[in-house]
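Participant: The structure that follows is given in the form of structure tokens.
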Amino acid sequence: MTETYLAQPDLGFIAQIRGLGGDTLKKCYQCATCSVACPISPENSPFPRKEMIAASWGLKDRLIKNGDIWLCHNCGDCTDMCPRGAAPGDVLAAIRAAAITEYAQPKALAKAVNDPKKLPWLLGIPAIWFAILAYITMAQSDVMTKIFNVFGIAWSHAHEGVIAQANFFSTWFVDLTFVPLAGAVVIIFLLSLRRFITDIHENAVMEGKTDKKNIDYKSLVQALVKTVPTILKHEKFNECETNKERATPHMMVLFSFIGLFIVTGIFFFVLYVFQTPGPYSQLNPVKWLGNIAGVALVIGSGLMIKSRLDNKDQVSTYKDWYILGIVFALGVTGMLTQMARLAHLEWTTYILYYLHLIAIFNLFAFLPFSKMAHLVYRTTAMAYAEYSNRK
Amino acid sequence: MDKKYGVYICTGCGIGDTLDMEDLVEIPEEEGLNCTTHPFLCSKEGVALIQKDVDDGKVNAMVIGACSRRVNFDVFRFDNCIVERVNLREGVVWPHSRETYPALTEEQKDDEEHFDRIQMKAEDYIRMGMIRLEKVKLPTPYLPESFSKKILVLGGGVTGMAAALDAAKTGYDVTIVEKTDALGGYAAKLRSQMPVSAPFETLQAPVADKLIQEIQGYPNIDVRTGCEVARIAGQPGEFTVTFKKPGERIPFDVPFPLPEEMLVDETGKELDPEAAHAKFLEYNEGRKDILNLDPDGELYGAVILAAGWRPADLSKMGIDHLGFDLPDVVSNHEFEQIAAKGKIVRPSDGKPAKNVVFIQSPGKDEDDADFDYCGSVTSQVALKQARYVTEDYTDGKAFVIYQHMRTPGLQEYFYKSMQQEDGVFMTKGSVTEVKTQGNGLEVTAVNTLLGENLALKADMVVVAGGMVPVTKDDPVVNLAYRQGPGFRDNDIFGQYADSNYICFPYETQRTGIYAAGAIRRAMTIEESIEDASGAALKAIQCVESANRGMSVHPRSGDMTFPEFFFQRCTQCKRCTVECPFGALDDDAKGTPKANPTRCRRCGTCMGACPERIISFADYTIDSIGSQIKAVKVPSEDDFDEPPFRFLALICENDAFPALDMVGLNRIDYSPDVRFIPVRCLGSVNTIWIKDALAQGMDGVILIGCKHGDDYQCHFVKGSELAEVRVKKIGDALSSLALEEERVAFVEVAIDEYDKLPKIINDFVEEVDALGPNPFKGF
């Protein structure tokens, strides 16, 4: 006999899920068509039927801590087949958004990221920050050179006579902004993940979804390694029927981020180790990779936006538009910056670059709080599913 | 009536192709009857041909050998004529083809080796039809001496008021009798009722007040509150009703029949009728016998029984695990009372009850049964009461734990809207315990949709009690009938006042008494109003049939009624006792008194009577007996190996249509069986079986409707009685050295036509194995 579960419905949570695009959460009558329709749901305790009843009961504890919500790729087959007009796909997406907020620290920031009213702040703070830094780069170059000389480091990576972003905005400032930011993001994620893994394991044990009693982190990492090809190949995503076409754009975006990450890494290395500042030649193979990735990012995110605009059945909420907007803006401003530079349009280049930085800031700084956090949670949950023999 | 006979045989639909028409026509012609054949008898020309003979005064009693009497009955209808339809099509040529039974050559016809089994069947049927014409007569309707079309409604709740309004709107005078001092019934005490109109999402004010107001606008509705029925005597069309104040004791209070143990003397011997009657009067001291009509009684034509329900007493249901002794565990009825007073508060301390658990079934993980006397209405009431909780408190939470959530029809929208409420939580589950936990209650359940053992905290628990029909406690109708004041076999219907829920809604086991609303089954206000219309229409049908001497149902329009040859009555009371509808009242001596308008013409009395003194104009012991005798039983004098001959007495309600379907589907079965449709197996008198065997028939099979819990018998008890009688006849057979297996009793449902051929063939084979009837040829 399993332990008795004291159900304590949370009316606030129900309202939250409704607000996040899961407003059909109460339409379910537990026929389990969704679990049958789902191409990737495991046989043992399949989702999303059990998530739907828990959602309609407002059982926050059973959903937020549930690894299964991350196994769902929101392909929409369940929503398509539901005889009661419920949209389990959207409900699970809403629960995931709630889970991201729940695991993120600080909470206030997490709430702000998901609140359209706070958008001016999210954009405004980096805008002011970069404006200040741009001013310093352009107007206070001498002061900075002196300060840097104290440490025996060259201030400027700027070029004379060519258009270079570094003329407008110091490479040091870029990296001194983003490197610590990345560090903070990693720490936030690590803190969140520790709780997250404990929670999903506890939930899996309670719901009888695993044969593992404790978490062995070494095996978990091994499972992660095994999961990576599945993720890269979008194997799960490709099993969807209803929204099959969504896998390709998503893959484009994912691979372009990977590409851009590699490119950024190489140039970072080139700049600080070989002391060779950009802009680099368009003939450079690394540059090719960067350009291909940039184009893929624009096309991929553009297609995603288009599919959301076209698909009236799928619910798209602020959380979706925010992240898609940021990604698309990031790609477009990046590419345009380069084009403007090559077209010798100095101020256009700088302004576009400025916008590009704001987009990057939004993506990076708010990564643990935005929908983009699925990158971490879904990967972890999939690795855990692999580890825990979830079948 | 001076009968002028004629025989008409249709040769269409394969009849002429299969049968030797010359030989067939010889049968009536040998008897000196004119026989006409026509290739298309049901055509205009064919019918005109018969009509001309009728108009010319040549024919007024005719055999029509064509299709089953279940088809073209409107075509072959000739006023003031006796029409006997001989089923040559569905009964002979359709099931039995020439491919299976080749026609005989001229040489074969004359030898003693070959015989044509199809032709033999057809010829027997023509003979049987002809003899029946001779034995039956046209009915003269029975008309009561005094007659009233007034309709009496018992119960002033929503159902009673709605029924009264419906009847009044069609112009009938109605009297509503209400025991309490005001109209309105239970509905008047509700906070809200379930939605009755689109979009079926919001609760509405109870409809009772509206109905009370509407009734005031009808002068032909006479409302009597603080009043009940002491007795209803007589029969439909002339019910003599005595009213009284509730609790009053008057001489015209209805008497109760003697309990069975009082019907015997000290030695265990059955009392003779007069002694029994004396004991009956003693037992009912102070009350007049049923046959004493109240001179001050009022005359009514029909009665609508809308006496409703009472809340089930949950303390007696063995549900201690649900904590019914705790103050904050209440029934749905008690919860409604709390809700009607204002906001939902706990009975124990008057504090707001914001977390309420509704328990819909006894649980304990034993089975998934609901509480007794529950229905879809109970599910809907739980939803409605859950709405009270969220209505009263924005942070209110209502939990519904059910085994069945039934919201039929458009009430599904109500369910959906309740599902949408953030504060309403539903799961299937089996409640194991309700106990005190801190300041509140804790409910535990297993097998829930949430996957495991579930616990809930509650301020209050509501248990879904059922709606007990008042007929469970009390006869209510107080009929001055010999069989007793109430309905006799209500245990088949879980004490609801009903006679056959599926086939004959509103009809009780007493003709002229029509049940509506919660007395018939647990139902909603909306359903009760609809029910009321049905019962009102039935009551109108009843008075409008009784006044023309017609049966109301199921043999609507039948103008025959049981006639008694009293000189030979032995006062055995079997007819009075066995009548499924209590139509007969015997007097002090035990002589039956027929009440023709109570009668449904099933003939159960005719089947019961050992003296065979009961008959109907067109259905008598002799008419069927003669048909049986008209069957030619081939013996060794005729053939080297004569074919066996079987009789099937088949119920015309379900089994006979099923047999027609066998023919329609061209499925073969033994052509050696002769079928005679009977009104009900209850009307089968065992003399017919004895006659059949005595004349050498090899076996007799009775085919009727199912009886028992899920009975389909149109007359409730007919097939059950027939089975008992067949069992009894077995002893008589063995004394004649006949095997019991020669008489069989089977039940089929109307849709089981596919099983019928096998049933018939199995019986034929079984008798075949026994060998021929030793009485054959005597």
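Participant: Among (1) assigned to a strand (DSSP E or B); (2) at the interface with chain A (Cβ under 9 Å from one of its Cβ atoms); (3) of a type in the set (D, E, K, R), where does B:Lys416 come up short?
Facilitator: For B:Lys416, the failing item is (1).
Participant: If you go through segment B:343-357 one residue at a time, do you hit one that is of a type in the set (A, V, I, L, M, F, W, C) and free of Cβ contacts under 8 Å to residues at least 60 places away in the same chain?
Facilitator: The answer is yes; a qualifying residue exists.
Participant: Right, another one. Looking at B:Gly423, B:Gly438, B:Gly429, which is the one that is touching a Lys or Arg at 6+ places or on another chain (Cβ under 7 Å), among the small types (Gly, Ala, Ser) and within 13 Å of another protein chain (Cβ to nearest Cβ)?
Facilitator: Only one candidate qualifies: B:Gly423.
Participant: When residues of segment A:50-86 are filtered for being away from every other protein chain (no Cβ under 14 Å) and either within 12 Å of A:Gly21 (Cβ to Cβ) or of a type in the set (Lys, Arg) (or both), how many remain?
Facilitator: 3
Participant: Moving on to the next point. Just to be sure I understand the filter: pairs with C-beta atoms under 9 Å, separated by 6 or more residues or on different chains, first member in segment B:259-276 and part of a strand (DSSP E or B), second member loosely packed, with under 12 Cβ neighbours inside 10 Å. Which pairs pass?
Facilitator: What qualifies is B:Val264/B:Glu270.
Participant: Which residues, taken from segment B:441-467, are touching a helix residue (DSSP H, G or I) at 6+ places or on another chain (Cβ under 7 Å) and either within 9 Å of chain A (Cβ to nearest Cβ) or of a type outside the set (A, V, I, L, M, F, W, C) (or both)?
Facilitator: Residues satisfying the conditions are B:Leu449, B:Leu450, B:Gly451, B:Gly465, B:Gly466.
Participant: Given the conditions (1) buried (at least 18 other Cβ atoms within 10 Å of the Cβ); (2) away from every other protein chain (no Cβ under 14 Å); (3) touching a residue at least 60 places away in the same chain (Cβ under 8 Å), which single one is not true for B:Asn490?
Facilitator: Condition not satisfied by B:Asn490: (3).
Participant: Further, regarding this structure: Could you please let me know if B:Gly603 is on the phi > 0 side of the Ramachandran plot, crowded, with 19+ Cβ neighbours inside 10 Å and either touching a helix residue (DSSP H, G or I) at 6+ places or on another chain (Cβ under 6 Å) or of a type in the set (Ser, Thr, Tyr) (or both)?
Facilitator: yes
Participant: While we're on this one: Please work out which one of (1) more than 30 Å from B:Asp124 (Cβ to Cβ); (2) out of contact with any strand residue (DSSP E or B) (no Cβ under 7 Å at 6 or more places or on another chain); (3) not assigned by TED's automatic domain parsing to the domain that holds B:Ala168 is the condition B:Glu526 fails and give its number.
Facilitator: So B:Glu526 meets the others, but not (3).
Conditions (1) outside any strand (DSSP E or B); (2) closer than 18 Å to A:Met52 by Cβ; (3) without any contact (Cβ under 8 Å) to a residue 12 or more places away in the chain; (4) small (Gly, Ala, Ser), marked per residue:
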| residue | (1), (2), (3), (4) |
| --- | --- |
| B:Arg387 | yes, no, no, no |
| B:Met426 | no, yes, no, no |
| B:Val434 | no, no, no, no |
| B:Thr448 | yes, yes, no, no |
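Participant: Here is a check on your reading of the model: is A:Ala93 within 27 Å of A:Glu245 (Cα to Cα), within 14 Å of chain B (Cβ to nearest Cβ), touching a residue at least 60 places away in the same chain (Cβ under 8 Å) and crowded, with 24+ Cβ neighbours inside 10 Å?
Facilitator: Answer is no for this residue.
Participant: Looking at B:Leu293, B:Leu258, B:Leu281, B:Leu326 in this structure, which one is touching an Asp or Glu at 6+ places or on another chain (Cβ under 8 Å) and surrounded by fewer than 21 Cβ atoms within 10 Å (Cβ to Cβ)? Steps first, please.
Facilitator: Values: B:Leu293 fails: touching an Asp or Glu at 6+ places or on another chain (Cβ under 8 Å); B:Leu258 fails: touching an Asp or Glu at 6+ places or on another chain (Cβ under 8 Å); B:Leu326 fails: touching an Asp or Glu at 6+ places or on another chain (Cβ under 8 Å).
Sole residue among the options that is touching an Asp or Glu at 6+ places or on another chain (Cβ under 8 Å) and surrounded by fewer than 21 Cβ atoms within 10 Å (Cβ to Cβ): B:Leu281.
Participant: Residues of segment B:562-583 being over 17 Å from B:Ala546 (Cβ atoms), under 19 Å from the mean Cα position of the chain (by Cα) and of a type outside the set (Val, Ile, Thr), which ones?
Facilitator: Going through segment B:562-583, the residues over 17 Å from B:Ala546 (Cβ atoms) turn out to be B:563-580.
Narrowing the set further to residues that are under 19 Å from the mean Cα position of the chain (by Cα) leaves B:575-580.
Listed by number, the residues that qualify are B:Cys575, B:Glu578, B:Cys579, B:Pro580.
Participant: Restricting attention to strands (runs of 3 or more DSSP E) lying wholly within segment B:15-96, give those where 1 or more residues are aliphatic (A, V, I, L, M).
Facilitator: Passing ranges, in order: B:61-66, B:82-87.
Here's the yes/no breakdown for (1) among the small types (Gly, Ala, Ser); (2) buried (at least 22 other Cβ atoms within 10 Å of the Cβ):
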position: A:Tyr5; (1), (2): no, no
position: A:Ala15; (1), (2): yes, no
position: A:Ala37; (1), (2): yes, no
position: A:Ser41; (1), (2): yes, no
position: A:Met52; (1), (2): no, yes
position: A:Trp57; (1), (2): no, yes
position: A:Lys60; (1), (2): no, yes
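Participant: Would you pick out the residues in segment B:606-619 that are part of a loop (DSSP other than H, G, I, E, B) and buried (at least 21 other Cβ atoms within 10 Å of the Cβ)?
Facilitator: Selection gives B:Cys609 alone.
Participant: Filter segment B:394-409 for residues that are part of a loop (DSSP other than H, G, I, E, B) and either farther than 22 Å from B:Ala455 by Cα or among the hydrophobic types (A, V, I, L, M, F, W, C) (or both) and give the result.
Facilitator: Scanning segment B:394-409 gives B:Thr394, B:Met405, B:Arg406, B:Thr407, B:Pro408, B:Gly409.
Participant: Working only within segment A:6-44, note down all residues that are in contact with a Lys or Arg (Cβ under 8 Å, 6 or more places away or on another chain), closer than 21 Å to B:Ala455 by Cα and within 9 Å of another protein chain (Cβ to nearest Cβ).
Facilitator: Listed by number, the residues that qualify are A:Leu6, A:Gln8, A:Pro9, A:Leu11, A:Ile14, A:Tyr29, A:Gln30.
Participant: Here is a further query. B:Ala369 fails exactly one of the following numbered conditions: (1) modelled with pLDDT under 95; (2) more than 18 Å from A:Gly58 (Cα to Cα); (3) crowded, with 24+ Cβ neighbours inside 10 Å; (4) of a type in the set (A, V, I, L, M). What is the number of that condition?
Facilitator: Result: B:Ala369 fails condition (3) only.
Participant: Same structure, new question: Filter the helices (runs of 4 or more DSSP H) completely within segment B:98-175 down to those with at least 1 residues that are touching a Leu at 6+ places or on another chain (Cβ under 7 Å) and over 30 Å from B:Ile215 (Cβ atoms).
Facilitator: It comes to B:117-135.
Participant: For segment B:249-275, enumerate the residues that are among the aliphatic types (A, V, I, L, M), modelled with pLDDT under 90 and either assigned by TED's automatic domain parsing to the domain that holds B:Asn478 or in contact with a Leu (Cβ under 8 Å, 6 or more places away or on another chain) (or both).
Facilitator: The answer is B:Leu263, B:Val264, B:Leu271.
Participant: Quick check: anything in segment B:339-360 assigned to a strand (DSSP E or B), crowded, with 24+ Cβ neighbours inside 10 Å, modelled with pLDDT of 95 or more and more than 14 Å from chain A (Cβ to nearest Cβ)?
Facilitator: Looking through segment B:339-360, at least one residue is assigned to a strand (DSSP E or B), crowded, with 24+ Cβ neighbours inside 10 Å, modelled with pLDDT of 95 or more and more than 14 Å from chain A (Cβ to nearest Cβ).
Participant: Spot the failing condition for B:Phe73; the list is (1) surrounded by fewer than 16 Cβ atoms within 10 Å (Cβ to Cβ); (2) more than 28 Å from B:Met559 (Cα to Cα), and only one is missed.
Facilitator: (2)
Participant: To continue, here is another question. State all residues of segment B:556-596 that are crowded, with 21+ Cβ neighbours inside 10 Å and charged (D, E, K, R); if no residue qualifies, say none.
Facilitator: B:Asp558, B:Asp585, B:Asp586
Participant: Hey, another quick one. Would you check if A:Lys319 is modelled with pLDDT under 90 and either in a helix (DSSP H, G or I) or farther than 18 Å from A:Ala127 by Cβ (or both)?
Facilitator: Details: modelled with pLDDT under 90: yes; either in a helix (DSSP H, G or I) or farther than 18 Å from A:Ala127 by Cβ (or both): yes.
Here the answer is yes, as A:Lys319 does meet what is asked.
Participant: When you go through B:Thr620, B:Thr604, B:Thr686 one by one, which is the residue that is touching a Ser or Thr at 6+ places or on another chain (Cβ under 7 Å) and among the β-branched types (Val, Ile, Thr)?
Facilitator: Unique residue meeting the criteria: B:Thr604.
The values are calculated or read from the model by the stated rules, or taken from the named source; none is laboratory data. The shown structure was predicted, so the numbers you read here are calculated from the model rather than taken from an experiment. As a convention, Cβ positions derive from the backbone with ideal geometry for all residues, glycine included, and neighbour counts pool all protein chains shown.
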